[in-house]
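The values are calculated or read from the model by the stated rules, or taken from the named source; none is laboratory data. All values reported here derive from a predicted model rather than from experimental measurement. Cβ placement follows ideal geometry from the backbone for every residue including glycine, while neighbour counts extend to all protein chains displayed.
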Amino acid sequence: MRFMYFVFLLSFVFVSAVNADSGSGIGPVKFVKLDATINQKMVELGKTTFKTKCSQCHKIEKRYTGPQLLAVTKRRKPEWIMNMILNPLEMTKQDPTAKALQSKLLVQMANQNVGEINARAILEFFRNNDKALTEKEIQAVPDLSK
Ligand code: HEC
């Protein structure tokens, strides 16, 4: 009986550790396969989607209502970025990084219902923005979750 209890406890600890912060966030995206070359068609779709659905709160070049999104692919995993786009309400409640961002910005990022294809395209747009950044330029954008 005591052994069973121990096994139960151990599996609980293991599951919590896995769920805690693998850096992928919480949402439908478990794994994104990235190509070394950036898909420019996807970048264009991402750019227009960003303009219509995100730019009221975000700028690439500076902080606005939401964090500045330059260098975001250098501070977050691709899966995390897509889950933040697709599932922001749960992310700010359960993901430690998103939670920390919200406690600093005091605004709830909205779910813009962009769908997985457009979220993936926005990720490609971010990758394109970040592809030629120097270490100094990356460091110049603060990680507001810290
Ligand atoms: C209503 C304003 C608002 C809209 C619209 C919005 N966001 Fe956000 N976003 C925020 C805020 C505020 C945060 C910080 C977390 C929080 O407080 O909810 C955030 C956080 C983020 C982050 C994490 C940034 C970091 O430094 O880790 C990403 C990525 C992001 N948003 C992308 C997007 C994209 C892409 C869209 C469009 C599909 C979008 N957001 C639409 C306000 C918004």
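Would you call Val32 surrounded by 13 or more Cβ atoms within 10 Å (Cβ to Cβ), modelled with pLDDT of 95 or more, more than 20 Å from Leu144 (Cβ to Cβ) and more than 10 Å from the ligand (Cβ to nearest atom)? In short, yes. Evaluation of Gln102 against the conditions (1) polar (S, T, N, Q); (2) in a helix (DSSP H, G or I); (3) touching a residue at least 12 places away in the same chain (Cβ under 8 Å); (4) near the ligand (Cβ under 8 Å from one of its atoms) shows that the sole unmet condition is (3).
Go through the stretch 18-73 and give me each residue that's of a type in the set (Val, Ile, Thr) and touching a residue at least 40 places away in the same chain (Cβ under 8 Å). It would help to see each step written out before you state the result.
Taking the stretch 18-73 and keeping what is of a type in the set (Val, Ile, Thr), we get 18, 26, 29, 32, 37-38, 43, 48-49, 52, 60, 65, 72-73.
The answer is Ile26, Val29, Val32, Ile38, Val43, Thr49, Ile60, Thr65, Val72, Thr73.
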